[in-house]
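Trainee: A single structure is presented below for examination.
The values are calculated or read from the model by the stated rules, or taken from the named source; none is laboratory data. Keep in mind that this is a model prediction, so the values were computed, not measured. Here Cβ is always computed from backbone atoms with ideal geometry, including for glycine, and neighbour counts include all displayed protein chains.
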């Protein structure tokens, strides 16, 4: 590995977003020298770790909080990931084909699901409606002990589950296998970025200084901190949202089961996921609660936290607007109670019973060491939460903040960023090669 005095591109963050860009630049562009900086000892230890997320490839077919327009976009983005998995023969290692569904409970939800099916089946022709009789044989736990009418909209044999840590490692190895100069800097935290007089960028770490012509920051909540330290993104703040999970003591479901979204709530409804790290035992969640941390199971950076919160009158107004709604207030309180030892299971079980009515408190256990942080971006100017990716672009530098479904969109975001980098550097991008490998499924 040659250590360049001036890199073409520096990438900060070794999760799925950073490694997607590393792969895309190395494989499909003329960018010759790329360094990736990861502050921990290996890739994808935070939000891309399978213990920190639901391992879901979001396609938009069973996520009822997506509009038709958003679903169409997410479907395209998800196809990039699934095509890569198929094209590198990564089934049963990187991603898994399983069945999935969204479950409607009660007459009102059933009517809404039927209407959604009629609209969305054009976009997802493989979707099926499964009635109670079918579900009694297919997933009997969904029906046992239930009094309300139910209906499911489901799909069979789709890539539903992805180990995004292994996918990150696959992207990195593919980049290293090219003839490009790829530098991997583990245990090297970038502490400061500044633009130099010649228009390039200087990155400071504990190990020294690095120079790059372009920089992309894919560091979760820290992306905004880096941007604001350089004078950008002052119109944004962060609401740090944590999520936890509960395991069943045995495998109860074969399919991934989502529930219908309450349109008043800004966070995803509870779902049940067969977990690829636990021999497909059922994992319920996530909860969603404000937590004064930027990393769930790592040290608390007080200064970074307060900088990220960026609390002022505009941010306070967003918080007050959220608490004005009684549905959101009850939701926040309930999720807080679910984090309290001994009490948490007693509260959470009522949500889980919407999926499996006969589930008892003794059947579930708190998933210790599972869960992560999902920084939600606050738009201070418009006094609202931005429930999706946020991006700040300046000359030669890009900052990405990508809450869910950021992992699903990683290759799509990488494509956009790679083309922007190539344009800035005056280099070409192999669009035909990318089309064949990522935007199409071979065979």
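Trainee: What tally of residues in region 341-385 results from selecting those that are at pLDDT 85 or above, in a loop (DSSP other than H, G, I, E, B) and surrounded by 12 or more Cβ atoms within 10 Å (Cβ to Cβ)?
Mentor: 11
Trainee: Does residue 252 satisfy the criteria of being modelled with pLDDT of 75 or more, surrounded by fewer than 16 Cβ atoms within 10 Å (Cβ to Cβ) and not assigned by the TED database to the domain that holds residue 40?
Mentor: no
Trainee: Ok, one more. If you check 295, 235, 279, which single one turns out to be under 30 Å from residue 93 (Cβ atoms), modelled with pLDDT of 75 or more and over 18 Å from the mean Cα position of the chain (by Cα)?
Mentor: 279
Trainee: Another question about this same structure. Go through region 187-236 and report how many residues are under 23 Å from residue 418 (Cα atoms) and free of Cβ contacts under 8 Å to residues at least 12 places away in the same chain.
Mentor: So the count comes out to 2.
Trainee: Then there is this: Among the listed residues 414, 432, which satisfies the condition of being in a helix (DSSP H, G or I) and farther than 22 Å from residue 55 by Cα?
Mentor: So the residue among 414, 432 that is in a helix (DSSP H, G or I) and farther than 22 Å from residue 55 by Cα is 432.
Trainee: Tally the residues that are touching a residue at least 40 places away in the same chain (Cβ under 8 Å) and out of contact with any helix residue (DSSP H, G or I) (no Cβ under 9 Å at 6 or more places or on another chain), restricting the search to region 404-419.
Mentor: So the answer is 1.
Trainee: Taking region 128-185 as the search range and keeping residues that are touching a strand residue (DSSP E or B) at 6+ places or on another chain (Cβ under 6 Å) and under 30 Å from residue 33 (Cβ atoms), which one is surrounded by the fewest Cβ atoms within 10 Å (Cβ to Cβ)?
Mentor: Ranking the qualifying residues of region 128-185, first place goes to 176.
Trainee: Of everything in region 25-44, what is in contact with a helix residue (DSSP H, G or I) (Cβ under 8 Å, 6 or more places away or on another chain) and farther than 17 Å from residue 217 by Cβ? Give them in sequence order. Talk me through it step by step, then tell me what you get.
Mentor: Quick first cut of region 25-44, residues in contact with a helix residue (DSSP H, G or I) (Cβ under 8 Å, 6 or more places away or on another chain) only: 25-31, 34, 36, 38, 43-44.
Of everything in region 25-44, those that are in contact with a helix residue (DSSP H, G or I) (Cβ under 8 Å, 6 or more places away or on another chain) and farther than 17 Å from residue 217 by Cβ turn out to be 26, 27, 28, 29, 30.
Trainee: Could you please find all residues in region 319-337 being in contact with a helix residue (DSSP H, G or I) (Cβ under 7 Å, 6 or more places away or on another chain) and modelled with pLDDT of 75 or more?
Mentor: Once the filter is applied, which keeps residues that are in contact with a helix residue (DSSP H, G or I) (Cβ under 7 Å, 6 or more places away or on another chain) and modelled with pLDDT of 75 or more, region 319-337 yields 334, 337.
Trainee: Next question, about the same structure. If I ask for residues that are touching a helix residue (DSSP H, G or I) at 6+ places or on another chain (Cβ under 7 Å) and more than 22 Å from residue 103 (Cα to Cα), which ones from region 346-372 would you list?
Mentor: The answer is 346, 366.
Trainee: Six or more apart or on different chains, Cβ under 6 Å: which pairs go from a residue in region 386-398 that's in the same structural domain as residue 412 (by the TED database) and part of a loop (DSSP other than H, G, I, E, B) to one that's surrounded by 14 or more Cβ atoms within 10 Å (Cβ to Cβ) and modelled with pLDDT of 95 or more? Could you list them?
Mentor: 396/214; 396/424
Trainee: Given (1) in contact with a helix residue (DSSP H, G or I) (Cβ under 7 Å, 6 or more places away or on another chain); (2) surrounded by 23 or more Cβ atoms within 10 Å (Cβ to Cβ), identify the lone condition not met by residue 430.
Mentor: Status for residue 430: all satisfied but (2).
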